[in-house]
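Quick notes on the structure that follows.
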Amino acid sequence: MNLLRAVWRLLRLALHLGLGVTPILLLFPRYSPERREAVIQAWARRMLAIFNIQVRVEGTLPDVSQRGALLVSNHVSWLDIHVLHSQLAVRFISKAEVRGWPVIGWLAQETGTVFLVREKKADALRVNQLMAEHITAGDLLTFFPEGTTSDGRDLLSFYPSLFQPAVEAQADIWPVHLSYRDLQGRYCEAAAYYGDITMGQSLWRIAHLDGLRVTLTGLPRITVTPESTRKTLAQAAESAIRAAHAAIPG
């Protein structure tokens, strides 16, 4: 039964990805920014529904209708992007490798993701400049300051470099925490995409699950002051997210 369900879900995912290409390819250039965000949000919610992934929001999520900001989160899975897209109008900063992923990489590029080549310091400067421009334009820029995924049991140290545009633009920072549990509320390693696990293996593991419950917790805003540095902001965001992580039973 689980095998048939997994195969059925993956077939539905393939159809969903295929259908997602059409409006992006043909209609996105004609859409207003608000319409684009609505389409992306609806598409993310349908994708999560295929795998019976239920999202619960706790705390306060940012409203940046008047001014741009940064949103930072712990990083457990490739699902993180779709969970955040399902609830917020966000623009992601992502590692350059994602652009090479079949279909998903192209979709990410067309929906406004900014790609970063981490090995090149000059590219970090380019991305920082782009981030500052997007913040000024009112975007909610989102990235994962751990730099990579973990198994979800703990957090990795936060890298401070991408916090620099918040210093330059005096933009608020909104930390959020993501937690994945099975339908019985237990820790679920199968949701994590880390180490040597391939995308195909991760999809297969998630497709076999009865479902997942994801808690998205909005944490208090971090206000940037003239005295703030990228290091102090990274430390403040990491402390807030670690505290939320430590508060989860089990």
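Throughout, read-outs are computed from the coordinates displayed, never taken from laboratory work. Please read all numbers here as calculations on a predicted model, not as lab measurements. We place every Cβ from the backbone using ideal geometry, glycine too, and count neighbours over all the protein chains shown.
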Using the count of nearby Cβ atoms within 10 Å as a rough guide to exposure, how do LEU212, LEU17 rank from fewest to most? LEU17, LEU212
For VAL55, which sequence-distant residues (separation of 5 or more, or a different chain) have an amide H within less than 5 Å of its own amide H, given hydrogens modelled in the peptide plane? VAL214
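With +1 on each Lys and Arg Cβ and -1 on each Asp and Glu Cβ, and nothing else charged, work out how big the dipole of the stretch 172-250 is about its Cα centre, in Debye to the nearest 20.
My answer is approximately 100 debye.
Looking only at the stretch 2-246, where both bridge partners belong to it, what percent of the DSSP beta bridges are antiparallel (to the nearest 5)?
30 percent
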Relative contact order (percent) for the stretch 2-246, with alpha-carbon contacts under 8 angstrom and 6 or more residues of separation? 28 percent
Find how many whole Å separate the alpha carbon centroid of the stretch 191-214 from the alpha carbon centroid of the stretch 137-152. 19 Å
So what is the relative contact order of the stretch 105-250, in percent, for Cα pairs below 8 Å that sit 6 or more residues apart? 26 percent
The stretch 160-188 versus the stretch 5-40: alpha-carbon centroid distance in Å: 25 Å
Summed over the other residues with a beta carbon less than 13 angstrom from that of LEU88, with K and R at +1 and D and E at -1, the charge totals -2
Per the rule of 0.36 nm per residue minus the C-alpha distance, extending LEU107 to ARG126 adds in nm 4.7 nm
Can you check what the net charge comes to around LEU212, using other residues whose Cβ is under 10 Å from the Cβ of LEU212 (Lys, Arg +1; Asp, Glu -1)? 0
Once you sort the root eigenvalues of the Cα gyration tensor of the stretch 67-187 as a ≥ b ≥ c, which label holds: rounded (a/c under 1.5), prolate (a/b larger than b/c) or oblate (the other case)? prolate
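Counting other C-beta atoms within 10 Å, which of ASP139, ASP172, ASP151 has the fewest, and how do the rest follow?
With the sparsest Cβ surroundings first, the list reads ASP151, ASP172, ASP139.
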Rounded to the nearest 0.05, FRET efficiency between GLU133 and LEU17 (Cβ-Cβ, R0 25 Å) equals 0.25
Would you work out which of THR198, LEU4, LEU156 lies farthest towards the positive end of the dipole of the chain? Charges go on Cβ: Lys and Arg +1, Asp and Glu -1. LEU4
Take each uninterrupted DSSP H stretch in the chain, measure its Cα extent along the helix axis, and return the ones at 15 Å or beyond whose mean Kyte-Doolittle hydropathy is at least 1.0. 2-26
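What's the exposure ranking of VAL72, VAL167, VAL90, going from fewest to most Cβ atoms within 10 Å?
Least to most surrounded, the residues fall as VAL167, VAL90, VAL72.
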